[in-house]
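Please read the structure below before turning to the comments.
What follows is calculated from the coordinates using simple rules that are stated; it is not laboratory data. Keep in mind that what you see is a predicted model, and the values were worked out from it rather than measured. Reconstructed Cβ throughout: ideal geometry from the backbone, glycine too, with neighbour counts over all protein chains shown.
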Amino acid sequence: PDYIPGDDYVGLPPPHYTAGNSTQARANATILMLARNGDVDGAVRSVRELEDKFNHKFGYPWVFLNEEPFSDEFKRRVSNVISSSVQFGLVPKDHWYQPDWIDEEKAAANRTRMEQDNIIYGGSVSYRNMCRFNSGFFYRHPLLQQYKWYWRVEPDVHFHCEVDQDPFVYMEENDKLYGFTITMYEYHATIPTLWDTVKKFIADNPQYVAKDNAMAYQSDNGGDSYNLCHFWSNFEIASMDFWRGEAYSKYFEALDNTGGFYYERWGDAPVHSIAVALFARKDQIHFFDNIGYEHNPYTHCPKGKGLWEKGKCSCNPERSFGASLIPTFPHNFSSKQTLN
Ligand code: GDP
Ligand code: MN
């Protein structure tokens, strides 16, 4: 087998459902980072910041994943800045690499064309592997099976404010499924046939579409076309049980079967966002206004009343980007616009 549980393990076992420094019990959650060995400097910086702003107070376990074994340097330097426990896992080959049934000639021709058209990562196979893994596989990794919730973190991101309230417990107590900080438009050239694939899936499986969904967030015409809006998935606080559920599993399979992750360059952000907007109720989607977050080149700086002060945020509240793009998310959906 590609992966032996426990094979690649450093640190203490993850202590879940035990009290942290606060009196609040922890949620069944992990902080997750996918990274390459070469990302080590940025990975350490992200971990250091999130530990300072949040995790030294809460003690959630970290999981790192990579399709290559993590180097001793990576494990040592990352472990050095973690206050709780950490596990390093290897991604199984069949969760990562381009499947054999993909027509490589067709895929390569499309990559060349997209590169010539200057589409970001248009010529990259590894980026496509990453997007497909983040869309349909990470939550199946053996190290993540014990967890329900995850906070996705990338190398070289920034957290600008104190996080004093446990976001996982917030999600759990308020019946949320997906949390974001920044929303964005996708490049149409990366997903030319994605929406048609989604529409076909919905037509074949109408039972999965939630009542009171957030379709109006991503379609301005009741589902006819996609307006390219998505949650920027380099930050996610969400339920893996949502991805593991029947609706998303069937949806991912239908999408993957078209080969669109390789023939086009479907990102995990629109793939996740469309599913969340369709299969969850809109009140199960949460905007984490209180979490100051930066991933180059955009920053979300808390705008809600008193949040910037309360979080002692270092970011400039005048320069926040993101949910401001959709000023009233998620309150501006009229029931007429909701597709169900
Ligand atoms: P961008 O944010 O869309 O520009 O993409 P990134 O380069 O930041 O990649 C997204 C995430 O996937 C980051 O956490 C990267 O460290 C990780 N990542 C990207 N490509 C690879 C890869 O080939 N292997 C591994 N292990 N991680 C990758
Ligand atoms: Mn990134």
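Rg(Cα) of region 179-308 divided by 2.2 N^0.38 Å? Rounded to two decimals, the normalised Rg is 1.07.
Here the chain carries DSSP beta bridges of which approximately 50% are antiparallel, counting only pairs with both residues inside. Equivalent ellipsoid of region 114-180: semi-axes from √(5λ) of the C-alpha gyration tensor, largest first, are 30, 18, 11 Å. The order of Thr112, Thr299, going from fewest to most other C-beta atoms within 10 Å of their C-beta, is Thr112, Thr299. Take the Kirkwood radius over Cα pairs of region 117-268, plug it into Stokes-Einstein at 4 °C and 1.567 mPa s, and you get 76 µm²/s for translational diffusion.
Here the alpha carbons of the chain define both size measures, Rg and Dmax, at 19.6, 58 Å. log10 I(q)/I(0), Debye, Cα-only region 70-169, no solvent, q = 0.16, 0.24, 0.25 Å⁻¹? Debye output, listed in q order: -0.97, -1.38, -1.42. With labels modelled as points extended 7 Å from the Cα through the Cβ direction, what inter-label distance (nm, one decimal) is found for Tyr187 paired with Lys106? A separation of 2.2 nm, rounded to one decimal place.
In terms of distances greater than 29 angstrom between alpha carbons, the cross-link table entries Lys53/Lys93; Lys75/Lys176; Lys93/Lys211; Lys176/Lys312; Lys75/Lys148 yield Lys53/Lys93; Lys75/Lys176; Lys93/Lys211.
Pair-distance distribution P(r) for region 226-285, from all Cα-Cα distances in 10 Å bins starting at 0: 20, 56, 23, 1 percent.
A cut-off under 14 angstrom between Cβ atoms defines the neighbours of Asp41, and their net charge, with Lys, Arg +1 and Asp, Glu -1, is 0. If the elastic network links every pair of Cα atoms under 10 Å, which of Tyr97, Tyr150, Tyr293 fluctuates the most in the Gaussian network model of the chain? Comparing Tyr97, Tyr150, Tyr293 in the GNM, the peak value goes to Tyr97.
Dividing the Cα radius of gyration of region 250-328 by 2.2 N^0.38 Å, with N the residue count, gives 1.43. Starting from the exponent 0.38 and prefactor 2.2 Å, build the expected Rg for region 28-82 from its residue count and divide its actual Cα Rg by it. Cα-based Rg divided by the globular estimate yields 1.08.
I'd like the distance between the alpha-carbon centres of region 179-210 and region 244-259, rounded to an integer number of Å. Distance between centres, Cα-based: 12 Å. Farthest towards the positive end of the charge dipole of the chain, among the residues Gln165, Phe64, Pro206, is the Cα of Gln165, using unit charges on the Cβ of Lys, Arg, Asp and Glu. Within the listed set Thr181, Thr30, Thr197, the Gaussian network model of the chain (springs between alpha-carbon atoms below 10 Å) gives the highest mean-square fluctuation for Thr197. Scanning the chain for cysteines with no neighbouring cysteine C-beta under 4.7 angstrom from their C-beta gives Cys131, Cys229. Going from the fewest other Cβ atoms within 10 Å to the most, the residues Met130, Met171 appear in the order Met130, Met171.
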